[in-house]
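J.: Handing you this structure, nothing more for now.
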Amino acid sequence: MLPMEAIELDVFRHRYEGETFWCGTLLGGCGGQLTTKLYTDRACHFAHHPDPDGLPHACGRRARGVNSADHLYVRSAAAAWLAGHGEQASFEYSGSAGAPLGSVVDIRWPRGALRVHLDQAVAPVWDDGLEPVLGLGVPVDRDTLIRRWYVHRIRLDSEGTSRRVRIGTEAFARPTEWFALEECEVTERGLSTPAVQRIIQARSAAAPVKWTPGQNTDTAQDTRARELLRKLLYARRTRSIALADSVCREIPELADVSPRLQEQLDAALRSGLLWIAKETEARRELFARLEQAVAEKRAGKVKRLLRHAKTAAKDACSDEESRVIDAADGCLTAIAAARSKRLNTLLDDLDQLPPDPDPDVLRIKVRELLRAASEAGSIGPHRQAKVEAWKERVRHTAGPLQPGREKRLPQLHRQVTRKRWLERRCPRCGANSGQQCAVETMPGEMRRVPHDERLKPIIDERREQQRLRRPWRVYEVTCPDCGQEPEQRCTTLGGPHRSRVELAKEYTRLKKAHS
């Protein structure tokens, strides 16, 4: 991983002097050679060497985040760990057809095999010879936890310019316990952690039977009561309203429980019902906010709320909630299509410019193109290459686009107070007074700021009023003594005549309009 600070990059270059760097195909890259780019005003990064024709290099790699190479860190850590146990492993990243590269890592060695699921692209399969190890975002149902006693999880923590693997053990009604890979072992059961050993001992060892005069052992009803208490606690930890509701319906039907456990059941039932009511209201509000965001076509808010809604509805989902989720998915699809269409329109407009366009016009259009490309997300290598080509062209003809390295064009919405933005009708999109301006290429979507054509008359009027109100300067009036016209100096050697100064002051006091 390349350091992002300039001083750290100097150390990095010195350490790897004479080495070459390449765009990894196991990261979805093109395999081309890379160079390091050092900046003091932004993050340092790898960059491709330009193509022979001078155009920017087109690479198909899309994921560039810190976790995009986690499958390679998993391989490196697992190979070193198994080698320490005298095992030599083989690795595969295919998982299943259609899964993105790096979603799954298959690790096989002579005495065992693991399948590491780093995301939800491939559903885990249990008891097929490959023991699943689940990433933090991969769900597991409670029945699987109860049946298997435990499941393993994996997470990768950033340490400097590397990633460190940690293995967790999750069991029913127990918090996940995390361990360094060095604390784990390979046993006949497969991957094992210190928590696994404790769980197996607790589940396998028979409880000693003791008889004490005057003290009764737990009955079957007491055992059932303890199980319901654990299930209710697990439901609240996993925010499962359906499971909590099921447990709360079972508790009143349980009879012949010891007095101490009955008190715990009654308290748990009261607390559980209050929690269900609170979570149900929060869930109702979540779906209402999602429906409102869909109506307003706010893509970022819809995407964020939709993720929470799908998590909340993973156990049970009503018809109304399913309708809202489907509407949100359709909204995001429509917005993505409209943004893609807008990007195509902007590319076509740029292609129709004359061979030598006005630099300011070119800069404005390319800046709008870059914004549209950023909003459109994945645009494909062909359109990405065209966007980069226009970006490079405007740098050579109209100056750089980076903030701080160009003469910034005036942003009219920053020159007018927000309360005056919508006081006039927009001559460009036809929005009436009080209404937001619309995006012409995306029907139904509103602009965050008004069109410049709507704001320019307000700015022009303000400038005219400022011009009329500003003080008169001495050489803007005709001198009463020597008759010199405006902008002409008096014939004296010591400056303007006193009468000319007094006349300028009088014009200012009377607020006389400038010619």
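Where a number appears in this text, it was derived from the coordinates with a stated rule and is not lab data. What you see is a predicted model, and the numbers here were worked out from it, not measured in a lab. So basically every Cβ, Gly included, is an ideal-geometry build from the backbone, and we count neighbours across all protein chains shown.
J.: Ranking 178, 81, 126 by Cβ neighbours within 10 Å, fewest first, what do you get?
T.: Ascending Cβ contact count within 10 Å gives the list 126, 178, 81.
J.: Related question: Run the quick spin-label model on residue 189 and residue 141: label points 7 Å from Cα toward the beta carbon, then report their separation in nm to one decimal.
T.: Between residue 189 and residue 141, the label points sit 2.3 nm apart.
J.: Over all distinct Cα pairs, what is the inverse of the mean 1/r for the stretch 470-509, reported as the Kirkwood hydrodynamic radius in Å?
T.: 9.9 Å
J.: With a 10 Å Cβ neighbour count serving as the proxy for reagent exposure, in which order, fewest first, do 183, 188 appear?
T.: The most exposed by this proxy come first: 188, 183.
J.: When DSSP beta bridges are limited to those with both residues in the chain, what percentage is antiparallel, rounded to the nearest 5?
T.: Roughly 85 percent of the DSSP beta bridges within the chain come out antiparallel.
J.: Using only alpha carbon pairs under 8 Å that are at least six residues apart, calculate the relative contact order of the stretch 317-393 and give it in whole percent.
T.: The normalised contact order for the stretch 317-393 reaches 35 percent.
J.: Rounded, prolate or oblate for the stretch 317-393? Axes are the square roots of the Cα gyration tensor eigenvalues, ordered a ≥ b ≥ c, and the cut-off for rounded is a/c under 1.5.
T.: Prolate is the answer for the stretch 317-393, as a/c is 1.5 or above and a/b outweighs b/c.
J.: Further question: Summarise the long-distance tail of P(r) for the stretch 410-464 by giving the % of C-alpha pairs beyond 19 Å.
T.: Looking at the stretch 410-464, the distances longer than 19 Å represent 21 percent of pairs.
J.: Let me ask another. About its Cα centre, what dipole magnitude does the chain give when the only charges are +1 on Lys and Arg Cβ and -1 on Asp and Glu Cβ, stated in debye to the nearest 20?
T.: For this selection, approximately 2260 debye.
J.: I'm checking a number: the convex hull volume of the Cα atoms of the chain, normalised per residue, in Å³. What is it?
T.: 310 Å³
J.: Here's something else I'd like to know. Nearest 20 debye, what's the magnitude of the dipole of the stretch 8-60 about its Cα centre given +1 on Lys and Arg Cβ and -1 on Asp and Glu Cβ?
T.: 100 debye
J.: Quick check: convex hull of the Cα atoms in the stretch 1-135, volume per residue, rounded to a whole Å³?
T.: It comes to 152 Å³ per residue, whole-number rounded.
J.: Strictly greater than 19 Å: what percent of every Cα pair in the stretch 267-370 meets that?
T.: So the portion of pairs separated by more than 19 Å is 60 percent.
J.: Another question, if that's okay. With a 10 Å Cβ neighbour count serving as the proxy for reagent exposure, in which order, fewest first, do 150, 507, 39 appear?
T.: Fewest-to-most Cβ neighbours within 10 Å comes out as 39, 507, 150.
J.: Which lysines have a Cα less than 17 Å from the Cα of residue 37, not counting those fewer than 8 places away in the same chain?
T.: Straight-distance partners of residue 37: none at all.
J.: Let me ask something else about it. Quick one: pull the percentage of alpha-carbon pairs in the stretch 220-309 with a separation above 22 Å.
T.: Beyond 22 Å sits 42 percent of the P(r) for the stretch 220-309.
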